[in-house]
Every structure is written in C-alpha cells, then in structure tokens.
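Just below is one structure, and these are the notes that go with it.
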Amino acid sequence: MKLTEMAHKLGVRLEPPDADCEITGMAEIETAQPGQLAFIANPKYAPAAKTTQASALIVEESFPAVARPTLRTKNPQYAYARALRLFHPARQYETGTHPTAVIHPTARIGKNASIGACVTIDSDVEIGDDCTLLPHVVIYRGVRIGKNFLAHSHVSVRENCEIGDNVLLQNGVVIGADGFGFAKDDAGKWYKILQTGKVVLEDDVEVQANACIDRASLGETRIGRGTKIDNLTHIAHNCTVGENSMLCAQVGLAGSTDIGKNAILAGQVGVAGHCKIGDGVVITAQSGTHGDIPAGTMISGSPGFDHKQWLRSMAVFSKLPELARAVRSLTKPDKEE
C-alpha cells in the first residue's frame, strides 16, 4: 500500500506531502526493515528514529524532523492501531454449524452464525446476527446475547446472563459462575449462599483470556459499555464497572465493588469489597485499596493512598536505615554522664 494512501485512510498528515513509498507491513522500530512502517508513542524511543531501517514512521505532531517520511498525528498510538487493521483485517469465519455442535431446539440464533466443533447451546438461548462461537464454547440456558458476538474456544456463559452487541470474549473466559458467598451455620460450618442473580455485559465490552466475572447473589453484576478487562482478572458478585474503564491483568474486585466510568486499574490491583471507586480514578500496579476513592484521584501503594504522596514516601523509604541510625545517635545516652 502506498504511503499516501495510508495517510488518507488514517486521516493523518504526511511529511513531506509528496513523499511516497510502498509499505508492505508494520514492525517495531528496532527491528523494522525497508518497506515497513514503525511508530513512536514513547519519547524514550526517539533516538531509534535516527537508526531504524523503517521506510516511514508514525509520530506525534511535535516530533522532531527525521530523514524519512513521517505520518504526523496527535495520537500516534491510535493511528498505529488503525494502520495494523489495514494489513491484518479481522478474520472472517465461515458461516454454518459444525456437525458436532449440540444446540437445543428452543435456542434462537440469528443470521450468518458460525458455530464451531463441540459447541453446546442450551435451552431458551437467544443469540443475535453474525455471531461466532469457536470450538468448545458453552452457552447455558436462558442466556441473551446481541449481534456480532465472538467467543473464542472454551468460553463459558452461565445461565440467564445477558451480553450486548459487539462483545468479544477471549479463550477460557467464564461469565456468570457462582459468586463466592458462604455463611456459617450454628456449628461453625460453611453454608453456601445461593447465587441467584446474573451478569450483564453491555455493548462493546472485551474480556481477555481466563478472566472470571461472577454472577450476583441477588440482582446483577454489571460491566459498562466499552470496558476492557485483561487476562486473569476476577470480578466478584454484585460488582459494577462503569463505561470505558480498563482493568489490567490480575486485577481482583471483591464483592459489591462499584467502579466508575473511565477508571484504570493497573496490573494486580486489589479492591476491598463494598468500596466505591469514582470516575476517572487511576490505581497503579499492585496497589491495594480499602475504602472509597473520590473521582479523578490517582492512588498507589498498599494500603493505597495519594500517588504523589506515595512517590515522596518511596523516596524516603530507601533512606530509612540512615535516618534510623541518626535517630539512635541522637537518643543514645552520653557516656560521660
């Protein structure tokens, strides 16, 4: 594809305007070869722009001039994501139902479905048009799923859960398993609390590999529109996650947690139950929170507190042995006395 054509399709500015070359694919800036396009979103990779073999670069508007064609944009990472689509369009799965699939006669499936080997669809299920269920997907009874649904192998969607349009579930995702609820009886033994609710995934949600979203004990666990959930994340019963939030790998939400819109929880963040996390909150990696967090806050540490204060605390932490020696020297009894 010609670079001028790419610039037009991506809606970015080509510099110089008359620069043109054939682009055959994309690569990382360190390994790119002639004919390939690379991108720079992080300033620390700027020196690589002088040595890369790439034929062209995607950079932000203010990036210094380099001796090769550049596609300039306010958001180079977004342009990169769309450029990848030009070379790697989404796979189109063949429509039809594999002979080993088991579909209950009461299930209702829309047009252009692709249902793979050993898929099981239980009674009273509704799935919209253009769905793709890859091998060994299991859809329990009473599930409602919108259009353009894609479930990779070994996905399980449990009974009565609801899934909107354009939802993508990666391998091994479990939607609607029982929430973790037990009460002790009079003898001190654990008695299971029935989990009678459901999980609702709104439109445009993506859940990545081996993540688990538990059904509610009563009511629902709800994931808002456009939210992205990374590998091995666990969302407990009766949680809510607002629109367009991002939960990175191994995040754990205890029961009845409420996450606002546009929140970001980095890898291995843990949130205690019955807490409210406001809109736009950012919680950095491996932090643990134990209370409500107001909107627009950045939190770090375990227990988590204000990120800037955490940075100052970490700067002092490495000096604690020296400070302790200084304190001991001040409090040590005078030998002459």
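The values are calculated or read from the model by the stated rules, or taken from the named source; none is laboratory data. Everything numeric in this text was worked out from a predicted model, so none of it was measured. Here the Cβ positions follow ideal geometry from the backbone for every residue, glycine too, while neighbour counts run over all protein chains shown.
At a glance:
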item: Pro16, sole failed condition from (1) out of contact with any helix residue (DSSP H, G or I) (no Cβ under 7 Å at 6 or more places or on another chain); (2) in contact (Cβ under 8 Å) with a residue 60 or more places away in the chain; result: (2)
item: Within the range 162-243, strands (runs of 3 or more DSSP E) holding 2 or more residues that are over 16 Å from Val271 (Cβ atoms) and among the small types (Gly, Ala, Ser); result: 174-177
item: Count - residues of the range 1-45 that are within 27 Å of the chain's Cα centre (by Cα), within 17 Å of Ala67 (Cα to Cα) and either acidic (Asp, Glu) or in a loop (DSSP other than H, G, I, E, B) (or both); result: 3
item: Subset of the range 110-155 [small (Gly, Ala, Ser), under 15 Å from Gly96 (Cα atoms) and assigned to a loop (DSSP other than H, G, I, E, B)]; result: Gly110, Ala113, Gly116, Ala117, Gly128
item: Boolean, Tyr140 is of a type in the set (Phe, Trp, Tyr), modelled with pLDDT of 95 or more and not assigned by TED's automatic domain parsing to the domain that holds Gly255; result: yes
item: Residues of the range 174-211 satisfying the condition of being surrounded by 15 or more Cβ atoms within 10 Å (Cβ to Cβ), of a type outside the set (Val, Ile, Thr) and within 19 Å of Gly142 (Cα to Cα); result: Gly176, Ala177, Asp178, Gly179, Gln195, Gly197, Lys198, Leu201, Glu202, Asp203
item: Those residues of the range 297-331 which are under 25 Å from Gly267 (Cα atoms), among the polar types (S, T, N, Q) and in a helix (DSSP H, G or I), in sequence order; result: Gln309, Ser313
item: Yes/no for Ile103 being touching a helix residue (DSSP H, G or I) at 6+ places or on another chain (Cβ under 6 Å) and either surrounded by 14 or more Cβ atoms within 10 Å (Cβ to Cβ) or more than 30 Å from His136 (Cβ to Cβ) (or both); result: no
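For (1) farther than 18 Å from Gly25 by Cα; (2) assigned to a helix (DSSP H, G or I); (3) at pLDDT below 90; (4) not assigned by TED's automatic domain parsing to the domain that holds Cys21, each residue gets a yes or a no:
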| residue | (1), (2), (3), (4) |
| --- | --- |
| Pro47 | yes, yes, yes, no |
| Thr52 | no, no, no, no |
| Ala67 | yes, no, yes, no |
| Leu71 | no, no, no, no |
| Tyr80 | no, yes, no, no |
